[in-house]
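Read the structure below first, then the notes.
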Amino acid sequence: MKRTATLEDVARKAHVSKMTVSRVINHPELVAPELQVVIEDAMHKLNYHSNNAARALAKNQTSVVKFVILEDVDDTDPYFTNVLFGMATELKKQNYSLQLLLKGSQLDQGAADGYVITGARTDDYPQLNELKQPFVLFGENRGGYDFVDTNNLLGETMATKYALKAGYRNVVFIGIDVREAFEFSREAGYVNTMQQNKKIPSVFRVENSLAAAREFIQDHLGEFPKNTCFACASDRIAMGVIQALVEAEAKIPEDFGVIGYDGVLLDRVSSPTITTVKQNLWLIGEKLAELILRKIAQNGAPQGEVFIEPTLSEAESTK
């Protein structure tokens, strides 16, 4: 029977130390790409496979991270796709698998080394506090939990500045009707910018849905003079605003401008296309994976907060 190749065999064939081979297997980001190629070639020629399962068992680990979505998800909205791919890419480097859960009730079902949780609201904090495994949140929060998120304050500041620079006399903020940190930050970005430009802020809040935003504009369009730009807290809201404006035969972007927030898909399928604050969701996914893996390795030690800068994507809905 042919002998199974060992770590020593790979090191000998690649002319490197056993530690270097181990790093390529467990921490490839610490090894130069050229050296990775040499070692991976040696592993392939020797038909060497690291026993990740046995190693995880010895450490009483599962090598699984669960991504839990606590909010309702529209199956036509690809918002989380890039986040998941970014996470999966980063987790794979550490030989971790990603498991997706759509209901908070499943949090304690099945084993995992840690959790990445999105859609958490203040009412969910008691449940989060009961978790035994390390976890981080995708989303700003006021519970003191580690998190990764877009810089929401900066994003809405950028949107409001853009609207004013485009020449709109009035800028109105249509936010999401939740009392959560990310929404407060977006609203603060708008309000602060308006005040800095000696403008009176005008804030409204609706459900984060296309239908709710469309209905709001249908009911209140007469209250907004021409040369107004609607700065919206999501692309869903922005798309609903645009639909109502089109139905009212309002001129976009001459009489009314619209700016969204997210930049995933709706901004491009809308007609006109939506100027929006674009989140780097792939990078957010990578950072979430890095944060939870570091927290797992450090036995749950606090990791703090990570903000990712957004960009402004110009389109047809503004001047």
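Residues that are open to solvent by 10 Å² or more (accessible area, probe 1.4 Å) and β-branched (Val, Ile, Thr) were ranked within segment 286-317; the one that is farthest from ALA238 (Cα to Cα) is ILE296. Would it be correct to say that GLN218 is surrounded by fewer than 18 Cβ atoms within 10 Å (Cβ to Cβ), polar (S, T, N, Q) and assigned to a helix (DSSP H, G or I)? Criteria met by GLN218.
With respect to the conditions (1) out of contact with any Leu (no Cβ under 9 Å at 6 or more places or on another chain); (2) open to solvent by 60 Å² or more (accessible area, probe 1.4 Å); (3) within 17 Å of ALA315 (Cα to Cα), LYS251 lacks only one, and its number is (1).
Considering ASN192, ASN227, which residue is polar (S, T, N, Q), in contact with an Asp or Glu (Cβ under 7 Å, 6 or more places away or on another chain), surrounded by 14 or more Cβ atoms within 10 Å (Cβ to Cβ) and over 24 Å from PHE80 (Cα atoms)?
Being polar (S, T, N, Q), in contact with an Asp or Glu (Cβ under 7 Å, 6 or more places away or on another chain), surrounded by 14 or more Cβ atoms within 10 Å (Cβ to Cβ) and over 24 Å from PHE80 (Cα atoms) holds for just one of ASN192, ASN227, which is ASN227.
Answer yes or no as to whether ASP149 is in contact (Cβ under 8 Å) with a residue 12 or more places away in the chain, in contact with a Phe, Trp or Tyr (Cβ under 7 Å, 6 or more places away or on another chain) and among the acidic types (Asp, Glu). Yes. ILE308 passes every criterion in (1) touching a Leu at 6+ places or on another chain (Cβ under 8 Å); (2) free of Cβ contacts under 8 Å to residues at least 12 places away in the same chain apart from (2). Considering (1) exposed (fewer than 14 other Cβ atoms within 10 Å of the Cβ); (2) at pLDDT below 95, say which one LYS165 fails and leave the rest. Every listed condition holds for LYS165 apart from (2). Scanning segment 254-285 for residues that are farther than 30 Å from ASP146 by Cα and open to solvent by 40 Å² or more (accessible area, probe 1.4 Å) gives GLU254, ARG268, VAL269, SER271. Evaluated against (1) under 26 Å from ASP123 (Cβ atoms); (2) in a strand (DSSP E or B), PHE230 falls short on exactly one condition, (1).
Does PHE204 meet the test of being at pLDDT 95 or above, open to solvent by 10 Å² or more (accessible area, probe 1.4 Å), in contact with an Asp or Glu (Cβ under 6 Å, 6 or more places away or on another chain) and not in a loop (DSSP other than H, G, I, E, B)? Judged against the criteria, PHE204 is not a match. Exactly one residue out of ALA250, ALA289 is within 26 Å of TYR145 (Cα to Cα) and of a type in the set (Gly, Ala, Ser), and it is ALA289.
Against the test of being closer than 19 Å to THR311 by Cα and free of Cβ contacts under 8 Å to residues at least 60 places away in the same chain, the options ARG268, ARG186, ARG214, ARG205 yield a single qualifying residue, ARG268. With respect to LYS198, is the statement that it is within 22 Å of ASP267 (Cβ to Cβ), of a type in the set (Lys, Arg) and without any contact (Cβ under 8 Å) to a residue 24 or more places away in the chain true? No; evaluated as a whole, the condition is false for this residue.
Of everything in segment 148-162 that is open to solvent by 10 Å² or more (accessible area, probe 1.4 Å) and aliphatic (A, V, I, L, M), the residue that is nearest to ILE259 (Cα to Cα) is MET158. Being in a loop (DSSP other than H, G, I, E, B), aliphatic (A, V, I, L, M) and free of Cβ contacts under 8 Å to residues at least 12 places away in the same chain is not true of ALA315.
Scanning segment 242-279 for residues that are of a type in the set (S, T, N, Q) and either farther than 22 Å from ASN152 by Cβ or outside any loop (DSSP other than H, G, I, E, B) (or both) yields GLN243, SER271, THR273, THR275, THR276.
The values are calculated or read from the model by the stated rules, or taken from the named source; none is laboratory data. Fair warning: this is a prediction, and the values are worked out from it, not measured in the lab. Every residue, glycine among them, receives a Cβ derived from its backbone with ideal geometry; neighbour counts consider all protein chains shown. Quick note on the areas: whole protein, heavy atoms, side chains included, nothing else; ligands and nucleic acids left out. Shrake-Rupley method; radii C 1.70, N 1.55, O 1.52, S 1.80 Å.
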